[in-house]
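The structure appears right after this line, and notes come after that.
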Amino acid sequence: MAEPLLNVEDLRTYFSTEEGVVKAVDGVSFKVNAGERRGVVGESGCGKSVTAMSIMRLIEPPAGEIVTGKIEFDGRDLLQLPEAEMQEVRGGEIAMIFQDPMTALNPVYTIGDQLIETILLHQDVSKSEARQIAIGTLADVQIPNAAARMEDYPHQFSGGMRQRVMIAMGLSCDPKLLIADEPTTALDVTTQAQIMTLMLELAEQRNTAVLLITHDLGVVAGFCDTIQVMYAGAIVERGTGDEIFHNPQHPYTWGLLGSMTRLDETQQERLHSVRGAPPSLINPPKGCRFGPRCDFATDICREALPILHQSQEGQRVACHRADELDLKALAIGAAS
Amino acid sequence: MFAYIIRRLVYGIVTLFALSLVVFVLIQFSGGTPLDRLKLNPRMQPVIAQLTEQWGLDKPWYEQYFIWLKNFVTPIDVPSEPGLTVVLFGKLGIRSWVAVAAGVVAIGYSVATFFIRVKANWWRTFRAFSIIGVWVAAFWIAKSRVVFALNWGESFRGDGAVWDNVFGAAGNTFRLGLTALAIALILGIPLGIYQAIKQYSFFDQMGTMLSFITFSTPIFIIGVMLQLILAYQLERWTGVKVFYVAGMTSSGYAELERGLFGLPSLAQWGDVIQHLTLPALSIAAISMAGYSRFQRASMLEVMHSDYLRTAKAKGLPRRTIIVKHALRNALIPIVTLVSLDIAFIIGGAIITESIFGWPGVGRLYIGAINAIDYPTIMAVVMAIGAGVVVMNIVADILYGVLDPRVRYD
């Protein structure tokens, strides 16, 4: 099998605060293959975004720091690269799209300026060629009248349009990996669907690997080949879309799925919710981090931290009781 | 845009009109008359009667106001003055002022266009020529020998025409105020930017501390300390007179050799700088502290913005991120601040001018108030008012140039 495009090993990113060290990402390992679309889901503060920021090395010391770990991208360890080479990687080989398109573009430069700037930075082309590429990508993200809109400023675009511009900016240099950090959270639902369809088409066309970070399970369902669920700074379950949605092995995944509204649900039942609140990342609970909120916790869960292992069902899961529990059979939550 | 400026100017004239009325009434009803001091001497009685008649002080206040207003906007003939030297030193006629204004426009224009995208070479060429053109025009106007004046009346203190006094003092005040502003901007803005880039570093903490100390020290302390240390003690230690504590030039200034084309010579420039440095530094110290704080705050806000994170994620080098993406956004709020500060330069620095014996508008103004010298008080108030109105408009225009989200129609 070929080398994976991205290989993250035991990544730990800590933030020092006055209350103590926040272990935002605490031992995360995963691989993303070329062209693969990977979803990263979890609730707010579980370390999804910090993982992405760590890959891009956008964590600013002294506030946050990547303590240990290895991020291999295309055969190079990004954490060992000098800053100048890392700048080549950012935007050129790994592009990133952010959550709020309303504020992600510089208000005092035109869309064209900001697109051309990226292209000139990473590709060896003339200014007019860069302009042509920029117009092309704008057209690719379905901005009507692309050439004329190049001269417009961000405030002349709607939220959805701005996110398209961000996608165009991300894809303009043909990156091998696109990290999308909650790209649709700030948009209304119909626009969300358009943006996701657009990203799917473009990623397939260009064979770009995508790391999609979201708390919205509905968004990953149609988009991702594989999904990893994060909880309190660690991955608790990883598998294909089918595995995760139809046969969750971890009680947290199962709880998350149960808290989704479903259009085909006929009975008027209360939505399931995962009880309690996420644990402190400064002093995480002993044993399984999900233990205090888990309906199935036993003594071993309170003692030992479960590690991610291959379950009998196929996916990888970090739960002591994964094999003995039959979550699928329990009615609440889990999909059909 | 043009319609907007015209509208703002019309509002401005209305504002100035209201200002003149309010101030005139306030002076009239604040008690005392300009001739009170003469009453102590019984033999002055006929003089008082004559001056009361001559200045119209026996008329009702509204009649006095309309006489003042009519005269205030009426031009009078005055003997001509030499041009360029007048711009740089001493008394100024309105032509010379136009020249100075044109120069300011040219500088402002070149600064503003520096930030505007240049699309074609012809635009660049045009821009360069237009700046040169404005400067040539300014020189030509300055060299021309015609001088213009309005009938602002005679000072009640018996020291000549108000027009001459105000513009003479305004030239001195501008020399001091603009130098101080330049020092404050050149040092304060980069200081604030650097502090923001190196937030919480030793340099940042020191800068913050010094800014607060300077900002909270009264100017009469700063001024006197500078006189004591940089003038008096420095001369004692080195035996060389480096800075002067008072005045604009030495008494022997006129005898110093003159430069080419009637311009001041190097020796004369040196003399001017020796006098100018200390008062300018006193004013600049406080403004600089203020500017650096504002600039630091505004820069920090931009540094933490989402679009800067985008710029970083694009792979831009740090220098480009700061110079191109952060700086332009961070300078926008400072424009308003500086524009209004320029307006208040016209009013002069009353305390600093007193400490350093600087014959500027501030000293003229405080003297006029003490003597209840209506014509001078009114002239200075109107000059400050006009400055505020004009600089407000300038600030709004610059805002529109710097920030594409701002449009006037």
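The numbers here are math on the coordinates, done by the rules we state, and not lab data. From a predicted model like this one, the values you see are computed outputs, not experimental measurements. Here the Cβ is made from the backbone with ideal geometry for all residues, glycine too, and neighbour counts use every protein chain on show.
Of all DSSP bridge pairs formed entirely within chain A, close to 60 percent run antiparallel. Going by a ≥ b ≥ c, the root eigenvalues of the Cα gyration tensor, does segment B:327-409 fall in the rounded group (a/c under 1.5), the prolate group (a/b larger than b/c) or the oblate group? Oblate, since a/c reaches 1.5 and b/c is not below a/b.
When each of A:Lys48, A:Lys127 is scored by the number of other beta-carbon atoms lying within 10 Å, the sequence from fewest to most is A:Lys127, A:Lys48. Springs join every pair of Cα atoms under 10 Å in this Gaussian network model of chain A, and among A:Glu19, A:Glu83, A:Glu237 the largest mean-square fluctuation is at A:Glu19.
Taking chain A as a Gaussian network of alpha-carbon nodes connected by springs under 10 Å, the highest mean-square fluctuation of the residues A:Thr185, A:Thr13, A:Thr298 belongs to A:Thr298. Enclosing the Cα atoms of the protein assembly as shown in their convex hull gives a volume equal to 246 cubic angstrom per residue.
The share of alpha-carbon pairs in chain A lying farther apart than 28 Å comes to 45%. Annotation for B:Ala49 and A:Glu83: the two label points, set 7 Å from Cα along the Cα-Cβ direction, are 8.6 nm apart.
Note on chain A: GNM, Cα springs under 10 Å; of A:Tyr231, A:Tyr109, A:Tyr14, the largest mean-square fluctuation is that of A:Tyr109. Each Lys and Arg contributes +1 and each Asp and Glu -1, all at the Cβ; summed about the Cα centre of the protein assembly as shown, the dipole is approximately 2360 debye.
Shape analysis of segment B:174-220 places it in the oblate category; the axes a ≥ b ≥ c from the Cα gyration tensor give an a/c of at least 1.5, with a/b not above b/c.
Pick out, in residue order, every one of the trypsin sites (Lys or Arg not before Pro) in segment B:245-330 that is DSSP loop and has at most 15 other C-beta atoms within 10 Å; say none if there are none. Answer by residue number: B:Arg258. In order along segment A:104-111, phi translates into HN-Hα couplings of 7, 10, 5, x, 9, 10, 6, 4 Hz, rounded to whole numbers, per the Karplus curve 6.51 cos²θ - 1.76 cosθ + 1.60 with θ = phi - 60° and x for Gly and Pro.
Computed about the Cα centre, the dipole magnitude for segment A:1-110 is approximately 280 debye when only Lys and Arg (+1) and Asp and Glu (-1) carry charge, each at its Cβ. Computed from phi, the 3J(HN,Hα) profile of segment A:225-234 under the Karplus parametrisation 6.51, -1.76, 1.60 (θ = phi - 60°) reads 6, 10, 9, 10, 9, 10, 9, 6, x, 9 Hz, with x in place of Gly and Pro.
Neighbour counts of C-beta atoms inside 10 Å place A:Phe223, B:Phe29, B:Phe212 in the sequence B:Phe29, B:Phe212, A:Phe223, starting with the fewest. Got a sec? Charge dipole of the protein assembly as shown, +1 on Cβ for Lys and Arg, -1 for Asp and Glu; which of A:Pro278, A:Thr110, A:Gln163 is way out at the positive end? Value: A:Thr110. Note: relative contact order over segment A:161-217, using C-alpha pairs below 8 Å and six or more positions apart, is 47 percent. Between the Cα long axis of helix A:159-171 and the first principal axis of chain A there is an angle of about 80°, rounded to the nearest 10.
Annotation: the residues A:Thr197, B:Thr310, B:Thr238, A:Thr253, sorted from fewest to most other C-beta atoms within 10 Å of their own C-beta, follow the order B:Thr238, A:Thr197, B:Thr310, A:Thr253.
You can think of it this way: the chain between B:Thr320 and B:Gln28 has 99.2 nm of extra reach, that is 0.36 nm per residue less the Cα-Cα gap.
Note on A:Ala304/A:Arg76: beta-carbon distance plugged into 1/(1 + (r/R0)^6) with R0 of 30 Å gives a FRET efficiency of 0.25.
Please give the net charge around A:Val236, taking every other residue with its beta carbon less than 10 angstrom from that of A:Val236, where Lys and Arg add +1 and Asp and Glu add -1. Counting the neighbours of A:Val236, the net charge comes to +2. Of A:Tyr14, B:Leu16, B:Phe294, which is farthest towards the positive pole of the protein assembly as shown's charge dipole, taken about the Cα centre with +1 and -1 on the beta-carbons of Lys, Arg and Asp, Glu respectively? Farthest along the dipole direction, towards plus: B:Leu16. Other residues within the sphere of radius under 13 Å centred on the Cβ of A:Glu182, judged by their own Cβ, net out at -4 (K and R +1, D and E -1). Amide H to amide H, with H built 1.01 Å from N, A:Val25 comes under 5 Å of A:Thr13, counting only residues 5 or more places away or on other chains. In a reduced charge model with +1 at each Lys and Arg Cβ and -1 at each Asp and Glu Cβ, segment A:6-224 shows a dipole moment near 360 debye about its Cα centre.
For segment A:6-224, the relative contact order works out to 27 percent when only alpha carbon pairs closer than 8 Å and six or more residues apart are counted.
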